[in-house]
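Trainee: Dropping the structure in here first, questions after.
Quick note: the coordinates plus some simple rules give every number you see, no bench work behind them. Everything numeric in this text was worked out from a predicted model, so none of it was measured. Heads up, the Cβs are rebuilt from the backbone with ideal geometry, glycines too, and the neighbour counts pull from every protein chain shown.
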Amino acid sequence: MLKLHTQAVIHQFESLTLDSIDQLVALYDSQASFKDPFNEVTGHPAIRRIFTHMFSQVNHPRFHIKDIIEQNSQACLSWEFHFEFKSSPDKTQTIKGCTWFVFNESGLIISHRDYWDAAEELYEKLPYLGGLMKWLKKKAQH
């Protein structure tokens, strides 16, 4: 049964558009929690805002699910997130990470936790800040 729920989540993420956010949010329990490196929220309105905000910040956001691990009421999906910064269209960026989902008995997501390295995967790609982040990383190495 978990495979069906996980497949529905994968389908929604890989085909996500601004117009389909409500279909994605419908896969979450009304009091689901969501946490990533920038957000920690609960409930449909807050989760909807996160995905709507994503579309306002970057061009052509899209997820590609790479691997799936499922056990009991939990699933872990590794993914690549492809997008273009609004300031530099036509240059695709990629963030690699994974998401840990917990589903309730009805198959709705009750917990969504994203794991990815914001410094390496995002900050180093930003103009100005990227150079500083790379310098700091180099200074921290042995």
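Trainee: Once you list every other residue whose beta carbon is under 12 Å from the beta carbon of K35, what net charge do they have if Lys and Arg are +1 and Asp and Glu are -1?
Mentor: On the way: positive: R113; negative: D36, E40, D114.
Around K35, the charge tally is -2.
Trainee: Taking the stretch 37-104 as the region of interest, what is the percent of Cα-Cα pairs per 5 angstrom bin, listed from the shortest bin to the one with the maximum distance?
Mentor: In whole percents, the pair-distance histogram is 3, 14, 18, 23, 22, 12, 5, 2, 1.
Trainee: Taking 0.36 nm per intervening residue step and subtracting the Cα-Cα distance, what contour gain separates Y115 from H64 on full extension?
Mentor: Separation in residues times 0.36 nm, less the Cα-Cα distance, equals 16.8 nm.
Trainee: Dipole magnitude of the stretch 1-91 about its Cα centre, charges +1 at Lys/Arg Cβ and -1 at Asp/Glu Cβ only, in debye to the nearest 20?
Mentor: Values: 8 positive and 11 negative charges, 22 e Å.
Computed charge dipole of the stretch 1-91: roughly 100 debye.
Trainee: Here's a follow-up. Given all pairs of different Cα atoms, what value in angstroms does the Kirkwood hydrodynamic radius of the stretch 1-82 take? Mind dumping the intermediate values first?
Mentor: Numbers: mean 1/r = 0.0742 Å⁻¹.
Result for the stretch 1-82, one decimal place: 13.5 Å.
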